[in-house]
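Below: the structure, in structure tokens.
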Amino acid sequence: MSLQLLKHFFNPQSITVIGASINVKRAGYLVMNNLLAAGFNGPIMPVTPKYTSVHGVLAYQQVSDLPITPDLAVICTNEFRIPDILNALAEKGCRAAIIVTTEIDANVSSRIYEIAATHKIRLLGMSSLGIINPHNLVNASLAHCNALPGNIAFVSQSAAVCTTVLDWAQSKGIGFSAFVSLGDAQDISFPELLDYLARDTKTQAILLYIDSIDQAREFLSAARAVSQQKTVLVIKAGSSLLGAKAAALHSRGRFGHDSVYDAAIKRAGMLRVHDFHELFAAVETLAYANYLHGERLAIITNGGGLGILAVDNLIEAGGRLAEIDQPLMDKLNACLPTNWSHNNPIDMIGDADPKRYATSLTHLMDSGQVDAILIMHSPSALSDSEETAKAIIDVIQQHAKRKQINILTNWTGEDAAKPARQLFAKAKIPTFRTPKGAITAFMHLVQYRRNKKLLMETPTNLPEHIIYEASAAAEYIKNNVNSQNRSVKLNTYHTKPLLDAYHLNTINTHIAENIEEAIEKAKIIGYPLAVKINSPDIQYKSQVHGVMLNINNARELDSALISITSRIKETLPAARLTGFTLQKMVASGLALELRVMIKQDAIFGPVIAISQDSDARDLQTTLENAVVALPPLNMALARYLVIQGIKDKKIKVKQHAKDFDMQAVCLMLTQLSQMLLDNPEIHDLDLNPVLVSGSHVSIVDSQVQLMFNEQGLSKRFAISPYPKQLEEKVILNNGQSILIRPIVAEDETTQQAFDNASTQEDRYKRYFSQRGKMSHEEMAKLTQIDYEREMAFIAIRLEEGEEQDTLAVIRASIDPDNVEAEFAMIVRSDAQGLGLGKLMLQKLVTYQQAKGTQYLSGMTMLSNIGMATLAKKLGFEVKRDIEDGVINMKLELN
């Protein structure tokens, strides 16, 4: 579906309103009124058989009577007329429609979408409030007021939230670049809108209200792409189980678990807010804030109590106060009374006048010691509130660092503070009524910065001895689950081969069919040991007293097995008993006990969860008490998950701090992630407990459920996994062996070395200019790619004894519609002339053809004759643009 069609919603040149009315209680009246009031300067064509004109505009009896083809249709009619209207719009050539009609019958709804798909008409809605684009004078909505022009795009699944935010923004003077009500979002939804808004020059930040998501992979891919260049905040309804079900019902979607939504939002680089209070604070911050370069906050106040409240809120939220160095202290001493606080927060005493505020603010902004400043003021008979605000505004507007430091204000009180807050709002300086509101807004900026920084962290490579035996694991799974045996549950003993293939340490385990065999197996394991009953009918053995621990000899073992068997037969007479599992006892009291799981979410598919709740059984409780991540995981993402678990107190390591090895736990999670990616038949896995003692991580008990699925196994993952099938070994013209494979995040260091080692000439041909060393952030964007919408292949040397350095890189950026991919390639100077460039470009051409891309294009310097010649040999159309000094290359793929 082309993004080009979305332009008809945001910037239509002509609009028809079908069902236009002069009845003030009708949707057709409101839409016509809003379009005219907004000053839309294209043709507005009402369609209605009832009236000659609507709002003074000549009306047309039916769609076929329209004098021109409208770019956009707004349908405000009875639901049963909509199918015929869509057919008429298709005949007229209209390809974009908003349906504001609500409560549409399910059968009619299905027919509407079927007709729209047949005629390639894009639909916003049904049950949409409409769309507003203030910059283009478009208000095709049922909203009670128009939106002011601004730089925030707001997209919501709830019409009620739309009108609430719109009303609040009007009172604050905050504007929007786009305001979109999705309705039931069965056609146009979040992914496409995010892609469109990413390219919209008027949009600097995006705010989403989400009830539920259906297209998980498309949503995360689009969200990740836009969040790399613009701030994206999300308010997600349904944090409770009942709330999640209600939210999904509201948008006719599926409901997923809130903790998984939270993990997905963070993974995409977005920031979540949880209520209207945070939402409004976030909108105001987004509208006016600068980029946050650090976390050091200074607080200026005329009341010590206000400053202390702000500090309490800041520390509770995990924020950081700026420190006052001696030069700054000297300047503040010179302009403040002797009894000022001499610390941050800077309490200037209750009689602080505008000059004192202005001078202190200037010194702070000059100091280089702060990244943000919160200016607080309480009503005072000794200091004029408005004059103080004016003095602060003057300082900010005239200061050279006004774009580098974030300024927030908190004028407390009501009547006395309102004029000053209005001055700040007019000057586009964030202003808040309470200390907590201001700190909450600041922490949004901080958390967003932290999320971005953590997600761009370079992961470490796995230890060299970790070599996965994926083929052995695949063979093991194939022998257990297939088209005849489509689902199977395996216990600790039977999961061991699978876990062993990925170097996941398990406790020494044996099974025995009877008591006599168990006593013999115990001699091999050694005492003390634990024994468990085996039965396909008993999932949680401890709940039926089917486990006994600390057995020290054969006599105790014999007694324990008889006791367990008798107890189970008495309480569960129908249970099938198949023997016993014996394990070596581990000194668990000295180790940290974790529970690590793979679970299935209805929206985002497989997730990895870690907690210390060993007793939770139902999925909702299990995930509520766990910290969750979406696979695939690398060492950096695993570390982020564990840190989040400790922060949220889902993982309590305090009493085991000396024995807790973060690296070992992260390695275990990364190995588990790879096992899941290689073997998507793993439907459910529960490692409980996992014992962490220093660098030793041991799995005591494990349960796995395998499910056969012959179609789309890899599509179960919400994030595209590493496409290992694209790895290819080739031989160069000089006989050298190389591996061409997709790039991974762990390649950042070698890619930095490759880029630095490139000659000036090669760099000039690649970047079209002289440029310095790439920063970590730039290189992270080039190595941490989304395989769903971009690709980069690297060629690395495979010769024994030689360093596995990079010889060439080719990358392609694919537009969201998968119409055209733009490529760029660089081959190291000492690897040129060996046929490597041809191999790399052929590899990319084959990949894009398989992906269904229509065109592959590239651009190079006029002087790069070698690149142009290679492209021509491979079938590219090559054109020289003398005026721009470039060669354009384009290949039709499909």
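The values are calculated or read from the model by the stated rules, or taken from the named source; none is laboratory data. Here the structure is a predicted model, which is why all the values come from computation and not from measurement. Positions of Cβ are generated from backbone atoms using ideal geometry, with glycine treated the same way; all protein chains shown enter the neighbour counts. Calculation scope for accessible area: heavy atoms of the full protein, side chains included, ligands and nucleic acids excluded. Shrake-Rupley method; radii C 1.70, N 1.55, O 1.52, S 1.80 Å.
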What is the local net charge at Ile551, summed over the other residues whose Cβ is closer than 12 Å to its Cβ (Lys, Arg +1; Asp, Glu -1)? +1
Counting only protein heavy atoms, what percent of the accessible surface of region 545-641 is carbon or sulfur at a 1.4 Å probe? 53
Could you give the angle, 0 to 90 degrees to the nearest 10, between helix 836-851's Cα long axis and the longest principal axis of the Cα atoms of the chain? 80
On the accessible surface of region 337-449, probed at 1.4 Å, how many percent belong to carbon and sulfur atoms? 49
Give me the accessible area of Cys145, 1.4 Å probe, in Å² rounded to the nearest 10. 30
Starting from region 471-540, pick out the chymotrypsin sites (Phe, Trp or Tyr not before Pro) whose DSSP state is loop and whose Cβ has at most 12 other Cβ atoms within 10 Å. none
On the formula 1/(1 + (r/R0)^6), with r taken between the Cβ atoms of Gln397 and Arg486 and R0 of 60 Å, the FRET efficiency rounded to 0.05 is 0.30
Residue pairs, from the table Lys7/Lys773; Lys236/Lys654; Lys541/Lys652; Lys236/Lys390; Lys453/Lys489; Lys453/Lys478, whose Cα atoms sit over 29 Å apart: Lys7/Lys773; Lys236/Lys654; Lys236/Lys390; Lys453/Lys489; Lys453/Lys478
Around Asp200, what is the net charge, scoring Lys/Arg as +1 and Asp/Glu as -1 over all other residues with Cβ under 13 Å from its Cβ? +2
Share of carbon and sulfur in the accessible heavy-atom surface of region 813-894 [1.4 Å probe, %]: 48
Using DSSP to call loops (not H, G, I, E or B), can you name the trypsin sites (Lys or Arg not before Pro) in region 111-142 whose Cβ has at most 16 other Cβ atoms within 10 angstrom? Lys120
What do you get for trypsin sites (Lys or Arg not before Pro) in region 13-84 restricted to DSSP loop and a cutoff of at most 16 other Cβ within 10 Å of the site's Cβ? Lys25, Arg26, Lys50
Ranked by accessible surface with a 1.4 Å probe, highest first, in what order do Ser158, Ser471 come? Ser471, Ser158
Once you have the Kirkwood Rh of the chain from its Cα pairs, apply Stokes-Einstein at 25 °C and 0.890 mPa s and quote D in µm²/s. 78
Leaving ligands and nucleic acids out of the surface, order Ser566, Ser695 by accessible area at 1.4 Å, largest first. Ser695, Ser566
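Leaving ligands and nucleic acids out of the surface, order Glu790, Glu414 by accessible area at 1.4 Å, largest first. Mind dumping the intermediate values first?
Details: Glu790 45, Glu414 100 Å².
Of Glu790, Glu414, the descending order of accessible area is Glu414, Glu790.
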Tilt relative to the chain, helix 159-172 - C-alpha long axis, 0 to 90 degrees, to 10: 50
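Please report the net charge: other residues with Cβ closer than 13 Å to the Cβ of Arg617, K and R +1, D and E -1.
Local charge sum for Arg617: -3.
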Suppose only helical runs count, i.e. DSSP H with n ≥ 4. What mean residue ellipticity at 222 nm does that imply for the chain under -39500 (n - 2.57) per run, divided by all residues and rounded to the nearest 500 deg cm²/dmol? -11000 deg cm²/dmol
Residue-normalised accessible area of the chain, expressed per residue, 1.4 Å probe, Å²: 43
